[in-house]
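Working notes, structure below.
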Amino acid sequence: MNTLADSITLEENITETEQALRAELAACYRIFAMLGWTELIYNHITVRIPGPEKHFLINPFGLHYTEVTASNLVKIDLDGNVIGASKWKANPAGFILHSAIHSGIENAHCVMHTHTTAGCAVACSAAGLSRDNFYAAQLHNRVAYHDFEGITIHADEQPRVQRSIGNRQAVILKNHGLLSWGSTIPEAFAYLWTLQRACEIQVAGAALGPTTPIPEEIQIQSSIDALQFDPRYGAGRDVFEALRRQVDTIDTNYKN
């Protein structure tokens, strides 16, 4: 039986590469849902489709992450215009932030953005991310900050986003939330998961009073030794596939 989330007619000439990317991205949305990283129908994970055209896949606006499937993902261009046939629209306001990163950072093929409670709490903290826990230490010199300018619907903010981020793949959007980018979906996930864990521990530990600082030289070495970011070790692929198998035990309809 068809559901609200079903039904788009994909182009007949869709490539095998795009099909695989659709399934992987849909699995990622289900992973986020499994982890509780959802915000009703809001927030986005986007990925660029390989090829000369700058086309991207994004969730259909109006669906919960648990309703996203490979076939109902929406293909859009850098301006958020829908490419090809789709019963669904993208959220153009939501893509303003993502398109700034996709267009301004060469290897940013996947961009993830969340409004988790812990992430938002740290984003609102004047001190930002505290460098006093295991996960934060792995992010030494990997975190960027961008000042809050209101709801990200204005294209003129995009150059400032690009300048704020530079080449750092874990991003704290002040007064807003968390963001990550990567050359692959698993790489972007590895950065976001590590940042999210650092925020969770920081928030949980805040009630306990002063923390034990980590010397910067140990932070530097910890960041070097964080193999989940290293392409030579899969850049998060093993963790992502393990979580995808967990999703498969719950529901495999994201592959449709």
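The values are calculated or read from the model by the stated rules, or taken from the named source; none is laboratory data. For clarity, every value in this text was computed on a predicted model and none was experimentally measured. All Cβ positions, even for glycine, are placed from backbone atoms using ideal geometry, and neighbour counts span all protein chains on display. Surface areas here come from the heavy atoms of the whole protein model, side chains and all, with no ligands, DNA or RNA. Shrake-Rupley method; radii C 1.70, N 1.55, O 1.52, S 1.80 Å.
Values as computed for the structure displayed
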quantity	calculated
One residue from 122, 111 being under 27 Å from residue 30 (Cβ atoms) and in a helix (DSSP H, G or I)	122
Number of the condition not met by residue 48 [criteria: (1) open to solvent by less than 40 Å² (accessible area, probe 1.4 Å); (2) not in a loop (DSSP other than H, G, I, E, B)]	(1)
Residue that is surrounded by the fewest Cβ atoms within 10 Å (Cβ to Cβ) [pool: residues in segment 136-179 that are under 13 Å from residue 104 (Cβ atoms) and of a type in the set (S, T, N, Q)]	167
Inter-residue pairs, beta-carbon under 7 Å, first under 19 Å from residue 175 (Cα atoms) and in segment 103-124, second open to solvent by 30 Å² or more (accessible area, probe 1.4 Å) and of a type in the set (Phe, Trp, Tyr), 6+ apart	none
Residue check for residue 164: among the polar types (S, T, N, Q) and either assigned to a helix (DSSP H, G or I) or without any contact (Cβ under 8 Å) to a residue 60 or more places away in the chain (or both)	yes
Any hit, segment 209-222, residues being out of contact with any Gly (no Cβ under 7 Å at 6 or more places or on another chain), open to solvent by 80 Å² or more (accessible area, probe 1.4 Å) and more than 15 Å from residue 133 (Cα to Cα)	no
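Rundown of residues vs (1) in contact (Cβ under 8 Å) with a residue 24 or more places away in the chain; (2) under 30 Å from residue 69 (Cβ atoms), yes/no style:
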| residue | (1), (2) |
| --- | --- |
| 196 | yes, yes |
| 207 | no, no |
| 239 | yes, yes |
| 242 | no, yes |
| 255 | yes, yes |
